1. Rank-order 327-337, 187-197 by packing density, defined as the average count of other C-beta atoms within 10 Å over each peptide's residues, highest first.
2. I want to check the label-to-label distance for VAL202 and LYS53. Put each point 7 Å from Cα in the C-beta direction and report it in nm to one decimal.
3. Check THR147: other-chain or 5+ apart residues with amide H under 5 Å from its amide H, H built from backbone geometry?
4. Return the loop-located chymotrypsin sites (Phe, Trp or Tyr not before Pro) in region 48-136 (DSSP other than H, G, I, E, B) with at most 13 other Cβ atoms within 10 Å of their own Cβ; answer none if there are none.
5. Mind telling me which of ILE145, ILE93, ILE117 comes out most flexible in a GNM of the chain, alpha-carbon contacts under 10 Å?
6. Taking θ as phi - 60°, what are the ³J(HN,Hα) couplings along region 246-257 by the Karplus curve (6.51, -1.76, 1.60), each to the nearest whole Hz, with x for Gly and Pro?
7. If Lys and Arg each add +1 and Asp and Glu each add -1, what is the summed charge of the other residues whose beta carbon sits under 13 Å from the beta carbon of MET320?
8. Of LYS30/LYS138; LYS141/LYS263; LYS255/LYS335, which pairs sit farther than 26 Å apart, going by alpha carbon to alpha carbon?
Amino acid sequence: MNYSEVLDKAREILSPVCLVCKECNGVACKGWVPGVGGKGHGRGFIHSYDYLKSVKIVLDTIYENRGQDTSIELFGEKFAAPIFVAPIGGMDINYGGRIEEGDYHSRTLRGAKEAGIAAFTGDGANELYFEAPLIPLKELKGWGIPTLKPWSQDKVLDKIKIVEEAGALAIAMDIDSAGLVHLAASGKPVFSKTLEDFREIVAATDLPFIVKGIMSARAAAKLVDTGIYGIVVSNHGGRALDDTQAPAEVLPEIKKAVGDKLKIFVDGGIRSGADVFKALALGADAVLIGRPYAYSAIGGGAEGVKLYTEKLISELKDTMLMSACNDLSDIDLDKIVY
Ligand SMILES: Cc1cc2nc3c(=O)[nH]c(=O)nc-3n(C[C@H](O)[C@H](O)[C@H](O)COP(=O)(O)O)c2cc1C
């Protein structure tokens with residue numbers, strides 16, 4: 001199976017709930033929440049994609065080329081590339097039940113591990129969204145990162161214990177989930193979190209804790225002294241609030257605000273190795289990719305996830321080669337125009 005066949009298969013299985021468009025840019029699926037699109041007019045999703053495309057890479061081949069090393073160390077582990085599978089929960093409500101929750105996560109977790117990277121897993125209104133991924137996660141000796149919704153603090157602390165028992169690499173929380181339409185509609189209360197809440201979570205676990213859903217330097221700066229491991233600069237794929245800035249657009253000011261005190265992950269509209277390069281140049285340590293991993297897993301299983309990752313790494317290496325970069329630390333703001 002090659003990657004083009006993975007996409008054909010995904011289109012066959014998913015149409016019309018996801019059209020697996022040639023450009024996964026949020027246009028065909030605008031407003032599909034629940035579903036695969038962006039909220040409202042879908043402008044948050046579309047703008048995130050378009051902004052990243054508008055960033056230009058500076059071509060430069062005058063350097064001592066020692067070969068391109070895309071590896072990175074995070075959570076005390078080594079990864080083949082600064083790329084993670086983003087948490088995607090709710091195969092029933094978002095992907096028309098074309099795949100079971102556990103099967104989906106088994107594919108992403110396994111495929112990611114085989115490709116030398118790792119997958120985040122999701123959470124949601126249905127307990128199954130949190131629980132089903134834990135089975136393949138345990139089988140893989142915890143090689144993955146569960147992402148909790150911002151439930152009441154008691155519930156969060158209980159779930160952290162379950163994640164610890166699964167031996168996960170780290171734990172995340174998508175604090176922007178308070179804006180998810182289907183969550184509010186299902187009557188499962190989610191809450192805004194305070195700095196005290198974050199400190200309590202950090203004190204309660206040895207796992208690195210990542211806060212997902214940061215979109216301003218102001219919010220990022222608040223988290224610097226809480227003991228968290230890192231942040232995901234993210235607008236939830238345009239699903240939490242319409243008309244936001246693009247995550248890539250706010251990255252430089254966030255990097256300036258937190259420096260090296262927090263690891264910075266970013267997601268939203270990242271599709272290619274060149275996009276990964278741009279995100280790193282703008283200030284990220286690593287990226288998450290959502291929808292394309294979902295249709296790769298649905299169309300090609302763990303193999304589809306692996307093929308897409310290999311494609312991304314090959315494109316990232318090619319971009320590094322053509323812009324005087326030997327390793328990830330060479331990728332900085334001088335390598336792009338934005
Ligand atoms: C159908 C769907 C379900 C999602 N479920 C979750 C979730 O359970 N937890 C979470 O933190 N983010 C969730 N997200 C957001 C993604 O993790 C990620 O932030 C976003 O998809 C990145 O944008 P991209 O899809 O353009 O790469 C979901 C996104 C989609 C499209």
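1. Numbers: 327-337: 15.6, 187-197: 13.5.
Packing proxy ranking, top to bottom: 327-337, 187-197.
2. Placing both labels 7 Å along Cα→Cβ, they lie 3.9 nm apart.
3. THR121, GLY122, ALA172
4. Values: sites: TYR49, TYR51, TYR63, PHE75, PHE79, PHE84, TYR95, TYR104, PHE120, TYR129, PHE130; in loops: TYR63, PHE75, TYR95.
When the chymotrypsin sites (Phe, Trp or Tyr not before Pro) of region 48-136 are filtered for loop state and at most 13 Cβ neighbours within 10 Å, TYR63 remain.
5. Maximum fluctuation in the GNM of the chain, among the listed residues, is at ILE93.
6. 7, x, 5, 5, 9, 4, x, 6, 5, 4, 4, 6
7. Details: positive: ARG66, LYS278, LYS317, LYS335; negative: ASP60, ASP69, GLU315, ASP318, ASP327, ASP330, ASP332.
Every neighbour counted, the sum reads -3.
8. Details: LYS30/LYS138 36 Å; LYS141/LYS263 24 Å; LYS255/LYS335 16 Å.
Beyond 26 Å: LYS30/LYS138.
We did not get these values from a lab; they are worked out from the coordinates using the rules stated. Remember, it's a predicted structure, so these values are computed and weren't measured experimentally. Cβ: placed from backbone, ideal geometry, glycine included. Neighbour counts: every protein chain shown.
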